[in-house]
Amino acid sequence: MMKLAAIAGVLAAITTAPVMAEVSAAPIPIDQFARVPNIQSVSLSPDGNTLSAIIAAPGSNNQETALATWNLANPSAPPQVTPSGDRMKFIATSALGADAVWVVGRQEWTGRLAGCGEGRVTGSTETFVVKQYMTDPEHSDFEEAFAGRSNSVGVSEAQQRCLEIAGSASVVNSLPLDPEHILIQQVNQTTFQANFFKYNLRTGAQELIAREGGSSSPSLFSSRTGELLVRVELAPVDGDFEARVLIKDQQTGAFDLHPTLTTLVSERETMSFQGFTEDGRYAYIVTDRFSDKDAVHLYDLQTRTFDTEALLAHPDFDVGGVILGNQESNFGQLLGFRYLALTPETYWIDDTMGSIQAGLEQAYPNRDISIMDYTDGYDVVLFSTEGPANPPTYYILRNQSQVQQLGAAMPWIDSANIGEQRWVYYTARDGLEIPAILDLPAGWQQGDPPLPTIIHPHGGPWSRDFGGWDVSGWVPFFTSRGYAVLRPQYRGSTGVGRALWLAGDNEWGEAMQDDKDDGAAWLVEQGIADPGRLAMMGYSYGGFAAMAAVVRENSPYQCAIAGAGVSNLGRIANNWSDNFIQRIQQGRTLSGMDPSRNTDRANIPVLVFHGDRDVRVPLFHGVDYYNAVRDEVPARLVVIEDMPHSLPWYPRHFEEMLSEMESFLANECGPGGL
């Protein structure tokens with residue numbers, strides 16, 4: 001089989017040149033970030049006949065959502081539109097086979113969860129109920145999908161009710177060559193284990209295909225038939241667990257153990273099955289066994305050995321996976337690879353897809369082009385464009401020649417007021433190289449006076465930031481107001497190498513926090529940041545980092561903003577200990593400097609904001625922290641009504657959050673504001 005390792009050298013040379021703005025930044029009004037996007041959650045049905053999306057409900061002034069579907073056989077016809085209800089709001093959709101459209105709705109709910117979702121096990125919890133519906137392109141009827149069906153196989157009535165409350169079902173595989181079925185997953189929120197069903201789009205019948213139970217979990221299903229091909233079994237070993245991989249033998253139907261692929265859970269080695277070669281002899285596996293970064297390797301099923309020369313590797317970024325054909329004419333063929341650069345990039349080896357990508361990049365310069373889906377023969381291609389200053393815009397390409405714009409998410413945003421974006425590196429105090437994303441306000445150039453600056457750590461912490469448009473709106477909100485924003489990919493971040501990830505273990509508030517402070521110092525050295533005008537703003541784990549910044553001695557910041565932050569490490573660790581895999585894998589990494597035990601050391605002003613329907617990081621974290629520091633430093637607590645932990649948020653949530661941050665930075669962040 002042809003080796004593609006040489007691609008690494010090509011990819012390393014590919015960079016996106018920043019576009020310098022020609023005008024100075026001007027504040028983008030808060031309401032422009034708060035509005036419901038004109039269009040989002042866009043998808044194409046496998047047969048190419050239907051397109052679905054969530055849009056701003058007509059007549060709502062971008063305050064409410066609606067479901068929209070287009071008949072692509074009649075491109076001039078307007079979409080079918082159904083607004084959200086008074087309580088249940090549409091938040092996501094997908095066009096499927098058999099003229100089925102899946103739509104997800106969410107509404108506020110208060111009651112006893114009793115272990116059926118995140119939140120309190122006893123008593124009432126303020127949270128949201130998520131409902132999933134099936135309809136058709138004409139929206140003639142909306143029926144509940146996936147849960148509560150009398151013809152489900154292997155699901156008890158109690159489980160059905162729990163699934164309805166938790167809203168934990170999702171589409172695992174659209175089975176593109178099977179017009180009648182999809183593969184779905186339903187997660188038990190108490191055990192974090194899942195059942196997998198083949199779901200009939202016409203009748204709603206569910207056939208149990210695989211079940212996570214005790215030590216076994218599915219890993220890869222066939223996109224053609226839905227059958228389970230790879231599963232992982234966990235076995236206790238000296239206080240740890242081995243993840244043992246079993247692959248289905250297509251001749252005998254038995255699952256055979258492949259010891260070569262065994263990993264230790266605590267070591268967090270990547271071993272991700274992407275699929276098999278067309279002849280069935282090799283598996284495509286993303287792994288970091290042979291390098292610090294995730295790379296694609298071929299695994300020989302007969303000899304049970306890896307080809308240690310990577311099929312695709314990148315020196316600076318993890319490879320995200322392979323792209324295999326999903327249409328009848330190219331099913332299973334290797335079309336390309338994804339790697340996780342500043343924004344996720346695709347390297348196409350398929351000539352047609354490569355040609356389409358190149359043509360679109362030429363037509364839409366200085367934009368990230370994402371080919372989202374396509375039909376057999378590439379007659380219809382769904383794609384989007386976006387950039388750090390440009391929210392997504394969605395298009396249909398017909399016959400590789402005609403482009404139809406479906407809509408722009410936020411066409412009212414003036415990109416000239418946002419600025420440029422860079423991927424940068426700096427060295428932490430112990431010598432570790434830290435990658436980061438730097439956003440600068442429009443018009444600022446090296447040599448200009450240094451800027452007020454926000455250090456903005458991401459949540460997780462097992463996560464990473466990507467460039468492009470920031471869906472939270474926080475980064476362009478700040479840059480349009482003249483702030484520089486640095487998003488450090490501090491130790492403990494994923495997606496940029498295993499060494500950086502592991503380096504964050506048990507360093508909460510300590511070396512992980514040093515990385516953020518060292519980023520601030522680097523910006524000062526570069527002449528970008530004004531040392532007397534630094535602040536930290538973070539959310540979730542980033543909120544923890546902001547809380548930690550308040551109580552650390554010799555803080556470089558004039559103030560901090562902590563959104564939905566974890567303040568008590570002990571209580572979070574206790575919650576995680578309910579699930580033994582999470583305890584072994586992540587719970588043992590959660591220790592360090594606990595802000596809740598150091599509140600008497602608070603030394604800079606802090607704004608704490610938290611949603612009262614947050615069950616991921618419950619409100620007590622913010623309230624307890626505020627009560628403990630308010631006698632030490634200027635502090636303000638803002639509890640945002642009906643706000644959950646994660647997006648999507650209501651327009652009024654954005655308006656209150658951004659208004660409070662703007663006022664705090666201008667008036668309460670150190671002497672004279674930031």
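Here are some notes:
- Per-residue Karplus couplings for region 591-608, computed as 6.51 cos²θ - 1.76 cosθ + 1.60 with θ equal to phi - 60°, are listed in order as 7, x, 8, 8, x, 5, 9, 10, 5, 5, 9, 3, 9, 9, x, 9, 10, 10 Hz, Gly and Pro entered as x.
- From the coordinates shown, log10 I(q)/I(0) by the Debye sum over Cα atoms at q = 0.08, 0.09 Å⁻¹ corresponds to which of (i) -0.64, -0.83; (ii) -0.57, -0.73; (iii) -0.84, -0.92: (i)
- Counting charges near Asp515 (Lys, Arg +1; Asp, Glu -1) among other residues having Cβ under 14 Å from its Cβ returns a value of -3.
- Rel. contact order, % - alpha carbon contacts under 8 angstrom, at least six apart, the chain: 10 percent
- With loop membership from DSSP and a limit of 16 other Cβ atoms within 10 Å, the longest segment of the chain without trypsin sites (Lys or Arg not before Pro) is 430-615.
- In order along region 75-91, phi translates into HN-Hα couplings of x, 7, 6, x, x, 7, 10, 10, x, 4, x, 5, 10, 7, 10, 5, 10 Hz, rounded to whole numbers, per the Karplus curve 6.51 cos²θ - 1.76 cosθ + 1.60 with θ = phi - 60° and x for Gly and Pro.
- For Cys559, the amide hydrogen comes within under 5 Å of the amide hydrogens of Met536, counting only partners 5 or more places away or on other chains and with H modelled in the peptide plane.
- Applying the criteria of a DSSP loop state and at most 16 other Cβ atoms within 10 Å to the chymotrypsin sites (Phe, Trp or Tyr not before Pro) of region 379-458 yields Trp412.
- Relative contact order of region 421-667, pairs being alpha-carbon contacts under 8 Å that are 6 or more residues apart, as %: 16 percent
- If both residues of a DSSP beta bridge must be in the chain, then about 85% of such bridges are antiparallel.
- When you filter the GluC sites (Glu not before Pro) in region 306-348 for DSSP loop state and at most 14 other Cβ atoms inside 10 Å of their Cβ, you are left with Glu309, Glu328.
Each reported figure results from applying straightforward, stated rules to the coordinates on display, with no laboratory input. All values derive from a computational prediction rather than experimental measurement. With ideal geometry, Cβ positions are generated from the backbone for all residues, glycine too; neighbour counts draw on all protein chains shown.
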